[in-house]
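Before any comments, here is the structure.
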């Protein structure tokens, strides 16, 4: 290997290492944000909280895209209906996750919503026309079995909170599949603008009817969530520019142990050992699916990475 090639190899390795580090930092911030949000949703409407968050997210998206090209170009889409649908799904995901936070312990909630990559794998069949073999279908089934372990008799009560958690995972998985579809013809900037502006319009149209003033500790909590959400998305954006999404995706599963720690530190809740096993099964199944996708991609049997490998954490 020449000195020039060796230098390029070291730079690529340095970039990947930086991408992983930034991704992990973003996941840490997202986890703290979820813990703060769990406290905030006890006193304020999830619709109001989502609205304020999207104000910040939309501003960040527009600023980021405007630095690269005129905004009017970013609004040009070959799939405008699907882009709007993506925005609606993302909003429903955030609403449902916030509703689940009200009653479901943070650790168990993180475990349940981690089924989203498995759901995305199934949704890729009708939406993207992908062929999913028996091996991956079996891994998906095992992952769902892990979710059933968490909500087993004597585990999490099958109430609105658990249903909202499952709705959050399902809508985010569908959002991922649609994102994969539109990315074939639309730029990342277009997808960001539609998600930010579309979410801003929808959450504001609903959130204004649930407005109550933020006072005292709630004001500081909302301020932290706004700043941390923007910072975490920014970190993840830079991370994805430094390292492939398929390299970063497995680190998203750090959300589970981090969620367990935060659940204990903030709320004194320690995850049930059997629920922990269920969460580990979900994580294991997701990693198996990703490994299988990567193997098929390298073998030349897939033309693109799996939808389960292309997205950042949903919250």
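Values as computed for the structure displayed
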{"quantity": "Subset of the range 163-185 [part of a helix (DSSP H, G or I) and over 15 Å from the mean Cα position of the chain (by Cα)]", "calculated": "163, 164, 181, 182"}
{"quantity": "In the range 22-75, the residues that are within 26 Å of residue 111 (Cα to Cα) and without any contact (Cβ under 8 Å) to a residue 60 or more places away in the chain", "calculated": "46"}
{"quantity": "Residue satisfying condition, being closer than 13 Å to residue 112 by Cα and either without any contact (Cβ under 8 Å) to a residue 12 or more places away in the chain or out of contact with any helix residue (DSSP H, G or I) (no Cβ under 7 Å at 6 or more places or on another chain) (or both), within set 167, 163", "calculated": "163"}
{"quantity": "Residue match in the range 7-27 (condition: surrounded by 14 or more Cβ atoms within 10 Å (Cβ to Cβ), over 21 Å from the mean Cα position of the chain (by Cα) and at pLDDT 90 or above)", "calculated": "no"}
{"quantity": "Residues of the range 105-146 classified as over 18 Å from the mean Cα position of the chain (by Cα) and over 24 Å from residue 294 (Cα atoms), total", "calculated": "1"}
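The values are calculated or read from the model by the stated rules, or taken from the named source; none is laboratory data. On a predicted model such as this, the values are computed, not experimentally measured, just so you know. Positions of Cβ are backbone-derived with ideal geometry, glycine not excepted, and every protein chain shown enters the neighbour counts.
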